[in-house]
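Notes to accompany the following structure.
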């Protein structure tokens with residue numbers, strides 16, 4: 001029996017827009033196994049989307065649709081009051097756009113993930129959760145969705161018949177309820193690669209995470225996320241890979 005640990009490493013990429021550049025996607029991509037590609041609502045544009053899809057295909061990295069609120073100015077990190085129908089249709093629109101570029105580049109989508117405020121709001125707001133789940137079901141693409149580990153949203157999605165990949169973050173601070181501490185709070189975003197690598201090791205190998213206030217909580221994840229817009233994203237990725245390789249962890253994207 002094979003008892004080796006495996007983990008998917010995902011990152012949010014394709015977030016540049018026009019002449020405005022975000023992140024170091026070409027350098028970061030070789031360190032990950034799954035890429036969440038912005039679909040033009042919170043970040044990205046058609047040319048960036050196609051380039052990112054082509055790069056991921058060339059490196060054998062799984063491609064996921066990273067869907068968000070229609071909020072380029074706020075980078076999708078501001079909560080918006082949308083109707084259920086708007087959430088459903090916005091999600092379908094974004095996934096469809098990225099799926100088209102995947103088809104043109106000779107590859108396919110492998111997962112869907114919500115971004116920023118849409119991701120966090122779905123955990124606490126029934127209508128947002130229902131809209132996102134409805135959209136994925138309506139698409140009938142049999143794609144798994146990445147959802148935050150330790151939340152009731154996972155149970156809700158599974159009850160709806162969806163395949164879920166439990167996700168944890170290695171470069172962000174958690175609170176006692178295993179929710180991400182807002183990024184504007186001092187210390188919520190980790191800039192020290194060694195600290196990011198330590199959290200990755202704790203999550204993947206120990207099944208635990210140190211939360212705000214110093215307590216340790218159990219957590220289980222099938223994928224860990226590195227934020228591509230983090231100023232130390234590349235160093236974080238290098239440190240995480242090195243630490244997990246030393247622990248004999250293998251890197252593997254979820255099955256199709």
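With respect to the conditions (1) buried (at least 21 other Cβ atoms within 10 Å of the Cβ); (2) touching a residue at least 60 places away in the same chain (Cβ under 8 Å); (3) over 19 Å from residue 166 (Cα atoms), residue 14 falls short on a single one, namely (2). The strands (runs of 3 or more DSSP E) found entirely in region 175-245 that carry 1 or more residues being buried (at least 18 other Cβ atoms within 10 Å of the Cβ) and modelled with pLDDT of 90 or more are 208-210, 223-226.
The listed residues are 36, 89, and the only one of them that is closer than 21 Å to residue 230 by Cβ and at pLDDT 95 or above turns out to be 36.
One residue stands out in region 137-158 among those that are out of contact with any strand residue (DSSP E or B) (no Cβ under 6 Å at 6 or more places or on another chain) and part of a helix (DSSP H, G or I): the one that is modelled with the lowest pLDDT, namely 152. Residues of region 17-29 that are out of contact with any strand residue (DSSP E or B) (no Cβ under 8 Å at 6 or more places or on another chain), surrounded by 12 or more Cβ atoms within 10 Å (Cβ to Cβ) and part of a loop (DSSP other than H, G, I, E, B): 22, 24. Looking at region 114-155, which of its residues are free of Cβ contacts under 8 Å to residues at least 24 places away in the same chain and more than 15 Å from residue 179 (Cβ to Cβ)? Within region 114-155, 126, 140, 142, 155 qualify. For region 246-256, what are the residues that are assigned to a loop (DSSP other than H, G, I, E, B) and in contact with a strand residue (DSSP E or B) (Cβ under 9 Å, 6 or more places away or on another chain)? Of everything in region 246-256, those that are assigned to a loop (DSSP other than H, G, I, E, B) and in contact with a strand residue (DSSP E or B) (Cβ under 9 Å, 6 or more places away or on another chain) turn out to be 249, 252, 253, 254, 256. When you scan region 50-61, how many residues do you find that are under 18 Å from residue 143 (Cβ atoms) and surrounded by fewer than 23 Cβ atoms within 10 Å (Cβ to Cβ)? Going through region 50-61 one residue at a time, the tally reaches 1.
I'm trying to understand the selection: among the residues of region 111-128, which are buried (at least 23 other Cβ atoms within 10 Å of the Cβ) and within 16 Å of the chain's Cα centre (by Cα)? Let's see the steps before the verdict.
Our first condition is that a residue be buried (at least 23 other Cβ atoms within 10 Å of the Cβ); within region 111-128, this holds for 111-115, 118-119, 122, 128.
Across region 111-128, the qualifying residues are 111, 112, 113, 114, 115, 118, 119, 122.
The values are calculated or read from the model by the stated rules, or taken from the named source; none is laboratory data. Quantities reported herein were computed from a predicted structural model and do not represent experimental measurements. We place every Cβ from the backbone using ideal geometry, glycine too, and count neighbours over all the protein chains shown.
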